[in-house]
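Peer 1: Here's a structure for you.
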Amino acid sequence: MRIPAAPALSASAALLACTPEPASTVEMRQTVVEVVDQGRAMAIENAVVALVGTVDPDDELTDIADTVAAGVAMVTPCAAISRPGAVALRIWFGSKDTPCPYAGIGLSGTMRVVYTRPDGHGLLASIYYEPLRGDSTLLDGFSQLTWAADGSQRLVTEIRVDTTTERQVEIQSDRLLSRVDDALKVEGWRRWQTLMGRWDADLAALLLASDEFMPHEGLAAVQTPFGHTIVLDFTHEAGTPAQVRANGGRRDRLFEVTDEGDVIDAGDG
């Protein structure tokens, strides 16, 4: 049976009408700006994990708290450590004007960590930001850190972030952290809400040095509030700005991110 031409053309037109337009350069740049703000927040979270999560998860809970207290006192002697309980620590890093430096970040404010074994076996570190500031980024909320048999760690986070651009962003995330040589490997997802709407990012094999807030390798697929998926490919060579190649527009677009977090459009990638 021959299909009438008019219905076939109508179906093709409807299909084309449902195909979204590629993301604009403005949207692609805003996606990179969002990821820079997320990177600053994650750098603080990663620093906290290094401070309170470098332990043997099989040790006694009180021994773990003792070990962490001694370690924090050694690497951040400007911090004030108190023990609200046998398996809990409260750490004050100073005021905004006199922060404690750690991992390239000026920490100020307060955080608390409590070590428990909810199932009687696996270690759980419950981390509370009360709030905690890293340079010009402020975290308020909590994270939960657990350990796997292979030495990797799972970090589940629900926080509010005040960004350097004076925005408040609500964030939820679930990430797997592991070490690859001298870098931190991050995989998982991150969701955040802004006045523009909801953003969703799937993180694939991001590699970060201890003093970086931008990955030097890896991918992130970001679903924007405007109905587009933009894939970001990260690279960073020593002595040069971090580079982010964005795919999702009519052409790939290359952006550079300075050490200060400024996003520069470098043209078609």
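The values are calculated or read from the model by the stated rules, or taken from the named source; none is laboratory data. Nothing here was measured: the structure is a model prediction, and the numbers come from that model. As a convention, Cβ positions derive from the backbone with ideal geometry for all residues, glycine included, and neighbour counts pool all protein chains shown. Ligands, DNA and RNA are excluded from the accessible area calculation, which covers all protein heavy atoms including side chains. Shrake-Rupley method; radii C 1.70, N 1.55, O 1.52, S 1.80 Å.
Peer 1: Find the residue count for the stretch 206-263, including only residues that are part of a strand (DSSP E or B) and among the small types (Gly, Ala, Ser).
Peer 2: Here is the first cut: in the stretch 206-263, the residues part of a strand (DSSP E or B) are 206-208, 217-223, 229-235, 242-247, 249, 253-257, 263.
Narrowing further to those that are among the small types (Gly, Ala, Ser): 218, 220-221, 242, 246, 249.
The qualifying residues number 6.
Peer 1: Continuing with this model, one more query. Out of all the residues in the stretch 68-89, is one or more within 23 Å of Ala148 (Cβ to Cβ), assigned to a helix (DSSP H, G or I) and at pLDDT 95 or above?
Peer 2: Within the stretch 68-89 (the criterion being within 23 Å of Ala148 (Cβ to Cβ), assigned to a helix (DSSP H, G or I) and at pLDDT 95 or above), the answer is yes, since at least one residue qualifies.
Peer 1: So which residues in the stretch 194-205 are in a strand (DSSP E or B) and farther than 13 Å from Leu184 by Cβ, if there are any at all?
Peer 2: Applying the first criterion (in a strand (DSSP E or B)) to the stretch 194-205 yields 194, 197-205.
Matches in the stretch 194-205: Thr194, Gly197, Arg198, Trp199, Asp200, Ala201, Asp202, Ala204.
Peer 1: Which residue, of Ala65, Ala73, Ala69, is out of contact with any Gly (no Cβ under 7 Å at 6 or more places or on another chain) and surrounded by 19 or more Cβ atoms within 10 Å (Cβ to Cβ)? Step through it out loud before you land on a result.
Peer 2: Numbers: Ala73 fails: surrounded by 19 or more Cβ atoms within 10 Å (Cβ to Cβ); Ala69 fails: surrounded by 19 or more Cβ atoms within 10 Å (Cβ to Cβ).
Going through Ala65, Ala73, Ala69 in turn, the sole match is Ala65.
Peer 1: A further question follows. Restricting the search to the stretch 211-227, which residues are surrounded by 15 or more Cβ atoms within 10 Å (Cβ to Cβ) and under 22 Å from Leu139 (Cβ atoms)?
Peer 2: Within the stretch 211-227, the first condition is being surrounded by 15 or more Cβ atoms within 10 Å (Cβ to Cβ), and the residues that meet it are 212-226.
Passing the criteria: Glu212, Phe213, Met214, Pro215, Ala220, Val222.
Peer 1: Considering each of Ala65, Ala43 in turn, give the residue that is part of a helix (DSSP H, G or I), of a type in the set (A, V, I, L, M, F, W, C) and over 30 Å from Gln243 (Cα atoms). It would help to see each step written out before you state the result.
Peer 2: Working: Ala43 fails: over 30 Å from Gln243 (Cα atoms).
When all the criteria are applied, what remains is Ala65.
Peer 1: Here is a further query. For Val113, indicate whether it is of a type in the set (A, V, I, L, M), under 14 Å from Val48 (Cβ atoms), touching a helix residue (DSSP H, G or I) at 6+ places or on another chain (Cβ under 9 Å) and outside any loop (DSSP other than H, G, I, E, B). First the steps, then the outcome.
Peer 2: On the way: of a type in the set (A, V, I, L, M): yes; under 14 Å from Val48 (Cβ atoms): yes; touching a helix residue (DSSP H, G or I) at 6+ places or on another chain (Cβ under 9 Å): yes; outside any loop (DSSP other than H, G, I, E, B): yes.
So Val113 passes the test.
Peer 1: If you don't mind, another one. Kindly list the number of the only condition in (1) hydroxyl-bearing (Ser, Thr, Tyr); (2) outside any loop (DSSP other than H, G, I, E, B); (3) open to solvent by 10 Å² or more (accessible area, probe 1.4 Å) that fails for Thr165.
Peer 2: (2)
Peer 1: Among the numbered criteria (1) touching a helix residue (DSSP H, G or I) at 6+ places or on another chain (Cβ under 7 Å); (2) crowded, with 17+ Cβ neighbours inside 10 Å, which one does Ile81 miss?
Peer 2: The single condition Ile81 does not satisfy is (2).
Peer 1: Same structure again: Return only the number of the condition from (1) in contact with a Leu (Cβ under 9 Å, 6 or more places away or on another chain); (2) open to solvent by less than 70 Å² (accessible area, probe 1.4 Å); (3) farther than 22 Å from Asp262 by Cα that Ala103 does not satisfy.
Peer 2: (3)
Peer 1: I would also like to ask the following. Against the condition under 22 Å from Ser143 (Cβ atoms) and modelled with pLDDT of 95 or more, how does Leu206 come out, does it pass? Break it down stepwise before answering.
Peer 2: Working: under 22 Å from Ser143 (Cβ atoms): yes; modelled with pLDDT of 95 or more: yes.
When the stated conditions are applied, Leu206 passes them.
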